[in-house]
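Right, one structure below, let's go through it.
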There are 4 protein chains.
Amino acid sequence: MLEELKQEVCAANLLLPAYHLVTFTWGNVSGIDREKGLMVIKPSGVPYEELTPEKMVVTDLEGNVVEGDLNPSSDTKTHVELYKAFPELGGIVHTHSPNATSWAQAGRDIPCYGTTHADYFYGPIPCLRVLTAEEIEADYERNTGLLIVNEFRRMNRKMLEVPGCLCTNHGPFSWGKNPKEAVHNAVVMEVCAEMATKTELINPKVQPAPQCLQDKHYMRKHGPNAYYGQKKQ
Amino acid sequence: MLEELKQEVCAANLLLPAYHLVTFTWGNVSGIDREKGLMVIKPSGVPYEELTPEKMVVTDLEGNVVEGDLNPSSDTKTHVELYKAFPELGGIVHTHSPNATSWAQAGRDIPCYGTTHADYFYGPIPCLRVLTAEEIEADYERNTGLLIVNEFRRMNRKMLEVPGCLCTNHGPFSWGKNPKEAVHNAVVMEVCAEMATKTELINPKVQPAPQCLQDKHYMRKHGPNAYYGQKKQ
Amino acid sequence: MLEELKQEVCAANLLLPAYHLVTFTWGNVSGIDREKGLMVIKPSGVPYEELTPEKMVVTDLEGNVVEGDLNPSSDTKTHVELYKAFPELGGIVHTHSPNATSWAQAGRDIPCYGTTHADYFYGPIPCLRVLTAEEIEADYERNTGLLIVNEFRRMNRKMLEVPGCLCTNHGPFSWGKNPKEAVHNAVVMEVCAEMATKTELINPKVQPAPQCLQDKHYMRKHGPNAYYGQKKQ
Amino acid sequence: MLEELKQEVCAANLLLPAYHLVTFTWGNVSGIDREKGLMVIKPSGVPYEELTPEKMVVTDLEGNVVEGDLNPSSDTKTHVELYKAFPELGGIVHTHSPNATSWAQAGRDIPCYGTTHADYFYGPIPCLRVLTAEEIEADYERNTGLLIVNEFRRMNRKMLEVPGCLCTNHGPFSWGKNPKEAVHNAVVMEVCAEMATKTELINPKVQPAPQCLQDKHYMRKHGPNAYYGQKKQ
């Protein structure tokens, strides 16, 4: 069942330690089969060196396990809420990568200080408020997903133009058209977080990059007339 | 004698360089056989690349060598005082890992700024006062252990809920139900120390994570209704 | 066609990940055949692990592809403007290396704080102004090259004495007598950027190194009586 | 000639990249044969991956080449002045390791903030003044050595108790009873420099470790009643 997607999701999970985004089991990647309405996600607490496609867990879009002997990631409900709300998403990642997590702990949006950021994220990477005691108590992981959904709608920002966010006192989530792209965006967020910290140390009065430069870089990669890279890649 | 424990302690010691927690020989791990009342610990000053289970040193709970040709770690008496006071401990680690040591040198508790920390440490990681000249002169390593014992009792904090601390101007100690778990907690402390430093650079006015979020994350991993990971793991 | 130069440019591109200067495809190296008036450059968006000499793209000095199935780097026009203006250049590099990029994002010249810097760069590494909206809109990559050309001429600084610069809100460019030397200078810039940040954290009132020390180190490596290294190397 | 010492010096040089203390060729190690009055040192500007014992250069204690086809390190005269003044030295190292160099660039002594430092360096690691224009002009490398000699005598500090120093705007030198120990001390200095920077970021008002703690740690490793490590090691 969903063998190809399981392989894809397993491979994307293994990119997390390869890109130094996780310590121990602190991260997870999922993918979705939109036709079948099923999600494939990392099992909870399983070390990356033991991951195989067969160990991936299949759930429905309420987070119920449909196939698999292991418990799915404890963040499963966060993933399903995002998939349900945004049909453009094909892969989701959560990590505790140190630089992005430090910005989440600091409770600040990551400003767009340069083209590295603008090449992938259109505008600042938002840091969403911490959940209330009631939200945490009632259904923590689902409410984390609903917060992301509601805040992106409220801010009127498009998920694939801003393919990630921070949750205050917690860490980063990212996403993309497929699991691999979601991991790619997690790496970008981590690098941009590291550079934003250093940028502010070097110049405490620094301002975001001019909007025209942000537009240029985002559009040359993602706009209708994009010319970065090779065709069809 | 204690072959299995020697293997376990040797393997745990070798995790220290694998996780980049030590330079040269600056760290040690011990384990205990509660039935026999014997501790197994790294020999002093022996490079990690030369460690084998046979080189581990067996001591009694006063720190006297019971088996082994080599001197035990110079921190032996610190370890035994902790084992004697807290029967729940099965493994102890001391390192000079750079980020945790920097907090120890700075003489500050590591605040709980997020869920990475709250997943393993309930509340701030305490930084204990420096020993007095008399305590250092009289019996330095034993008094280091007694300080940890007395301070955790005075603060009324449970050793397995706060599985590590800092000693001012010195470095981190951590512990767990067994040697491997003690190393795991040493890694967590190092990562949380690194992120806490960055968090304060990004937002000098940052406050600790809300208590309800700390409770949620600690409890979902360690509480009576824990649901993180797989059963029996 | 230009087989030797393609090999040289491909090898220099592969040094970028080897020296940890790039994430993903965020960098490119070019070389030039002055006799033929042709440039060889990395193809756009191709992962480093897939690079081979055959995939290198040959362009003329207007940036038109002369040979190669792939699109050349999106920064091609920046490279050609530099080669056209400065006949002493044999190789050019652009990366988003994190420390140099952080200084670019901060919009500051990197001061010469020591001999590591002075051994390769004579004086501060300049950070050039951000392009205007008009310059970005009209011909972004070509205008980036023209800015570097005009600013170095205006500052009356020699390209091979100051073999690199920063573009505000973007990142570093470097160059040299050949592609390998250009990469060498990119590494030096990254290391000097990292150390300059730390230097200012350690001493916020630090001043640049005395001019006589800068002169001594630059000259013992690059002056008419240079005595560093081996003859003819 | 001096085959054993050449092997020892070559091996010690190769430890520099292994411990991440050097970029490119930015470092050198020497050793001395006191009976013969000859020094063995790395050749200048030769990449570490090409180093072999046969390429080491033998000089007398004025820095004249006695054997070897290659030029000796450009810092040769600094090394010989130290050997001439201090008969207890058996090995000397110079690097541009980034954290120690940042303190040198900042022009500050590295305070002793903890036991990691106190285990090897008795008291702060001194940062020596920058040379005058006259000293640089007249005989730069020899005057660097003479400065270290004169300053350690003026401060009345023993070379083997303070086995390293910083030269302002330049970088660290370290030494020991033999080349390997000198490299060991270079690593310690780099780690202590990194942690001192972080310590001050975490607590800008931090004070050095109490003298009694510094004494205890230095003496338990190096005093007459030292008990760290194994006998005769």
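If the condition is being without any contact (Cβ under 8 Å) to a residue 40 or more places away in the chain and within 14 Å of another protein chain (Cβ to nearest Cβ), then the stretch C:22-36 contributes C:Phe24, C:Thr25.
Residues in the stretch C:137-177 that are among the small types (Gly, Ala, Ser), in contact with a Ser or Thr (Cβ under 8 Å, 6 or more places away or on another chain) and not in a strand (DSSP E or B): C:Gly145 only.
Would you check if D:Asn143 is without any contact (Cβ under 8 Å) to a residue 40 or more places away in the chain and open to solvent by 60 Å² or more (accessible area, probe 1.4 Å)?
For D:Asn143, the condition - without any contact (Cβ under 8 Å) to a residue 40 or more places away in the chain and open to solvent by 60 Å² or more (accessible area, probe 1.4 Å) - is not met.
Here D:Met39 meets the list (1) outside any loop (DSSP other than H, G, I, E, B); (2) farther than 28 Å from D:Gly229 by Cβ; (3) within 11 Å of chain C (Cβ to nearest Cβ); (4) of a type in the set (A, V, I, L, M, F, W, C) almost entirely, failing just condition (3).
Which residues, taken from the stretch D:185-214, are assigned to a helix (DSSP H, G or I) and within 7 Å of another protein chain (Cβ to nearest Cβ)?
Within the stretch D:185-214, D:Val187, D:Val191, D:Glu194, D:Met195, D:Thr197, D:Lys198, D:Thr199, D:Leu201, D:Ile202, D:Cys212, D:Leu213 qualify.
In the stretch D:134-141 there is at least one residue matching the filter, namely being under 17 Å from the mean Cα position of the chain (by Cα) and under 22 Å from D:Glu62 (Cβ atoms). The set of residues from the stretch A:93-130 being among the hydrophobic types (A, V, I, L, M, F, W, C), at the interface with chain B (Cβ under 7 Å from one of its Cβ atoms) and surrounded by fewer than 24 Cβ atoms within 10 Å (Cβ to Cβ) comprises just one member, A:Val130.
Against the conditions (1) over 23 Å from A:Lys198 (Cβ atoms); (2) out of contact with any helix residue (DSSP H, G or I) (no Cβ under 6 Å at 6 or more places or on another chain); (3) open to solvent by 10 Å² or more (accessible area, probe 1.4 Å), C:Glu135 satisfies every one except (2). Residues of the stretch D:1-16 that are open to solvent by 50 Å² or more (accessible area, probe 1.4 Å) and in contact with a Phe, Trp or Tyr (Cβ under 9 Å, 6 or more places away or on another chain): D:Leu14 alone.
Residues are listed down the side, and each one gets a yes or a no for (1) touching a residue at least 12 places away in the same chain (Cβ under 8 Å); (2) under 9 Å from the mean Cα position of the chain (by Cα); (3) open to solvent by 10 Å² or more (accessible area, probe 1.4 Å); (4) more than 20 Å from B:Arg108 (Cβ to Cβ):
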| residue | (1), (2), (3), (4) |
| --- | --- |
| B:Ile148 | yes, no, no, no |
| B:Phe152 | yes, no, no, no |
| B:Met155 | yes, no, yes, no |
| B:Thr168 | yes, no, yes, no |
| B:Lys177 | yes, no, yes, yes |
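Name every residue in the stretch D:216-233 that is out of contact with any Asp or Glu (no Cβ under 8 Å at 6 or more places or on another chain) and more than 8 Å from chain B (Cβ to nearest Cβ), in order of residue number. If the condition is that a residue be out of contact with any Asp or Glu (no Cβ under 8 Å at 6 or more places or on another chain) and more than 8 Å from chain B (Cβ to nearest Cβ), then D:Met219, D:Gly223, D:Pro224, D:Asn225, D:Ala226, D:Lys232 are the ones that fit.
For the stretch C:123-136, residues that are in a loop (DSSP other than H, G, I, E, B), out of contact with any Gly (no Cβ under 9 Å at 6 or more places or on another chain) and farther than 30 Å from C:Leu213 by Cβ total 2.
The set of residues in the stretch C:157-166 being of a type in the set (A, V, I, L, M, F, W, C) and open to solvent by 10 Å² or more (accessible area, probe 1.4 Å) consists of C:Leu160 alone. Taking the criterion of being assigned to a loop (DSSP other than H, G, I, E, B) and touching a Ser or Thr at 6+ places or on another chain (Cβ under 7 Å), the residues of the stretch C:6-27 that qualify are C:Leu21, C:Val22, C:Trp26.
Scanning the stretch C:186-202 for residues that are surrounded by fewer than 22 Cβ atoms within 10 Å (Cβ to Cβ) and of a type in the set (S, T, N, Q) returns a single hit, C:Thr197.
Among the residues of this structure, C:Ala85 does not count as one that is modelled with pLDDT of 95 or more, closer than 16 Å to C:Lys177 by Cα, open to solvent by 40 Å² or more (accessible area, probe 1.4 Å) and in contact with a Lys or Arg (Cβ under 9 Å, 6 or more places away or on another chain).
Before we move on, is A:Pro163 out of contact with any helix residue (DSSP H, G or I) (no Cβ under 8 Å at 6 or more places or on another chain), over 30 Å from C:Ile110 (Cα atoms) and of a type outside the set (Gly, Ala, Ser)? The answer is no for A:Pro163. Filtering the stretch A:203-219 to residues that are open to solvent by 20 Å² or more (accessible area, probe 1.4 Å) and not aliphatic (A, V, I, L, M) leaves A:Asn203, A:Pro204, A:Lys205, A:Gln207, A:Pro208, A:Pro210, A:Gln211, A:Cys212, A:Asp215, A:Lys216. Contact map, the stretch D:64-79: residues that are more than 11 Å from chain C (Cβ to nearest Cβ) paired with residues that are at pLDDT below 95, Cβ distance under 6 Å, separation 6+ or inter-chain. Pairs shown: D:Glu67/D:Met1.
The values are calculated or read from the model by the stated rules, or taken from the named source; none is laboratory data. The structure displayed is predicted, hence computed values, not measured ones. Because the Cβ atoms are built from the backbone with ideal geometry, glycine has one as well, and the counts that use them run over all protein chains shown. Note: areas computed on protein heavy atoms with side chains; ligands, DNA, RNA excluded. Shrake-Rupley method; radii C 1.70, N 1.55, O 1.52, S 1.80 Å.
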